[in-house]
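Q: What follows is a single structure, and I will ask about it in a moment.
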Amino acid sequence: MTTIGIVGLGLLGTAVATRLRGAGHAVVGYDIVPACVDRLIALGGTPAKSAADVARESEIVCTLLPSLAAVEEAILGADGVAAGARPGQTLCQMSTISPTLTERLARETAARGLTFLDCPISGTSGMVARGDGVIFVGGERAAYVRWRPLLESILPGAVHIGAAGQAMLLKLVANLLVALNSASVAEALTMARRGGLDPQMVLDVLKTGAGSSRMLDVRGPMMVRGEFPAQMKLDLFMKDLHLIQEAAGTIGARLPLTDVAERLYAAAQVAGYGGDDLAVVVTELERG
């Protein structure tokens with residue numbers, strides 16, 4: 001049994017904690033939201049008073065936080081992971097941030113004697129709780145080999161991509177597909193509904209044909225029901241879309257379809273749906 005630290009116990013952090021507890025590991029965690037800490041306690045985990053305390057009480061620390069600023073503060077801040085970590089301790093940064101910040105965190109934690117793994121997760125919180133999804137891993141291959149069994153207790157697939165920052169770039173590529181696929185599902189179901197077809201029947205039939213996709217399976221049912229419990233809040237996903245655009249601009253990749261999709265998601269956010277799952281984009285199309 002390994003003691004794993006988690007900083008950030010939101011939807012995804014709780015899903016990761018659930019998987020680790022199910023595999024028999026001890027989990028110590030920290031979050032600024034008391035209700036999130038209560039969920040960890042209900043799982044049999046141990047609360048900590050700060051990110052630094054998480055590092056002191058664990059063998060490896062995973063960060064799962066909603067913003068770049070929160071990640072940087074949790075790792076490098078005065079009461080952050082690096083302040084409480086021991087030389088040689090490993091940090092798995094699992095939040096979706098920019099490749100640029102990832103590379104800087106890798107350099108700065110290495111300068112403090114830590115081992116840094118760039119470990120974004122591709123999968124919704126609901127998928128991760130079921131053991132469905134993949135972890136992209138960037139960083140030293142030796143560290144990947146050492147911690148692969150632990151990562152695979154979270155998700156069966158933990159794939160080494162390359163250097164720190166490269167796994168994060170791939171996560172943004174994956175989220176680009178999530179954005180486009182979810183928007184296309186919304187567009188297809190809206191067209192079917194407007195044409196007088198039964199949405200549930202359409203969803204069932206499409207799942208068996210050439211138009212099938214993971215987002216059709218995950219977000220199609222939400223769109224049919226008109227209910228959008230958050231697996232990925234639209235507000236957070238807008239952050240990811242901005243990161244995708246920023247990374248694309250840096251490397252000179254044109255994203256015309258993403259440009260259109262981003263406008264649809266932004267309109268849904270402005271309409272007040274930021275706390276809902278990103279599947280709520282269908283409401284913008286249905287208004288048109």
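Q: Antiparallel as a % of all DSSP beta bridges within the chain, to the nearest 5?
A: Close to 15 percent.
Q: What ³J(HN,Hα) values, in whole Hz, does the Karplus curve 6.51 cos²θ - 1.76 cosθ + 1.60 give for segment 211-224 when θ = phi - 60°, with x put for Gly and Pro?
A: So the J values, rounded to whole Hz, are x, 5, 7, 4, 6, 4, 5, 7, 9, x, x, 4, 5, 5.
Q: For segment 185-273, just the Cα set please: Rg and Dmax, both in angstrom.
A: Just the Cα atoms of segment 185-273 yield Rg and Dmax of 15.0, 45 Å.
Q: Right, another one. Within the accessible area of segment 140-288, what % is carbon and sulfur when the probe is 1.4 Å and the other protein chains stay in place?
A: 58 percent
Q: Now, a different point. Residue 239: which lysines have alpha carbons under 26 Å from its alpha carbon, excluding same-chain residues fewer than 8 sequence positions away?
A: 171
Q: Now for a different question. Helix 99-111: angle to the longest alpha-carbon principal axis of the chain, degrees 0 to 90, nearest 10?
A: 10 degrees
Q: Sticking with this one: Under a 1.4 Å probe, what is the accessible area of segment 1-74 per residue, stated in Å²?
A: 41 Å²
Q: Turning to a different aspect of this structure: Taking only the C-alpha atoms, wrap a convex hull around the chain and report its volume per residue in Å³ as a whole number.
A: Dividing the Cα hull volume of the chain by its residues yields 131 Å³.
Q: Using a probe radius of 1.4 Å on heavy atoms only, what accessible surface per residue do you get for segment 150-269? Whole Å² is fine.
A: Accessible area per residue, segment 150-269: 48 Å².
Q: When the Cα atoms of segment 89-140 are enclosed in a convex hull and the volume is divided per residue, what value in Å³ results?
A: Spelled out: Cα convex hull of segment 89-140, divided by residues, is 76 Å³.
Q: Given 158, 209, 27, which one lies farthest toward the positive end of the charge dipole of the chain, if we put +1 on the Cβ of every Lys and Arg and -1 on the Cβ of every Asp and Glu?
A: The listed residue farthest towards the positive side: 158.
Q: Here's something else I'd like to know. By how many degrees, 0 to 90 and rounded to 10, does the Cα axis of helix 141-154 deviate from the longest principal axis of the chain?
A: Between helix and principal axis, roughly 60 degrees.
Q: Counting other Cβ atoms within 10 Å, which trypsin sites (Lys or Arg not before Pro) in segment 22-59 have at most 16 and lie in a DSSP loop?
A: Answer in residue order: 49.
Q: Under Stokes-Einstein, with the Kirkwood radius over Cα pairs standing in for Rh, what whole-number D in µm²/s applies to segment 1-137 at 37 °C and 0.692 mPa s?
A: Estimated diffusion coefficient is 227 µm²/s.
The values are calculated or read from the model by the stated rules, or taken from the named source; none is laboratory data. Worth saying up front: this structure is predicted, and the values here are computed from it rather than measured. Virtual Cβ from ideal backbone geometry, glycine too; neighbours counted across all protein chains shown. We work out accessible area using only protein heavy atoms, side chains counted, and drop any ligands, DNA or RNA first. Shrake-Rupley method; radii C 1.70, N 1.55, O 1.52, S 1.80 Å.
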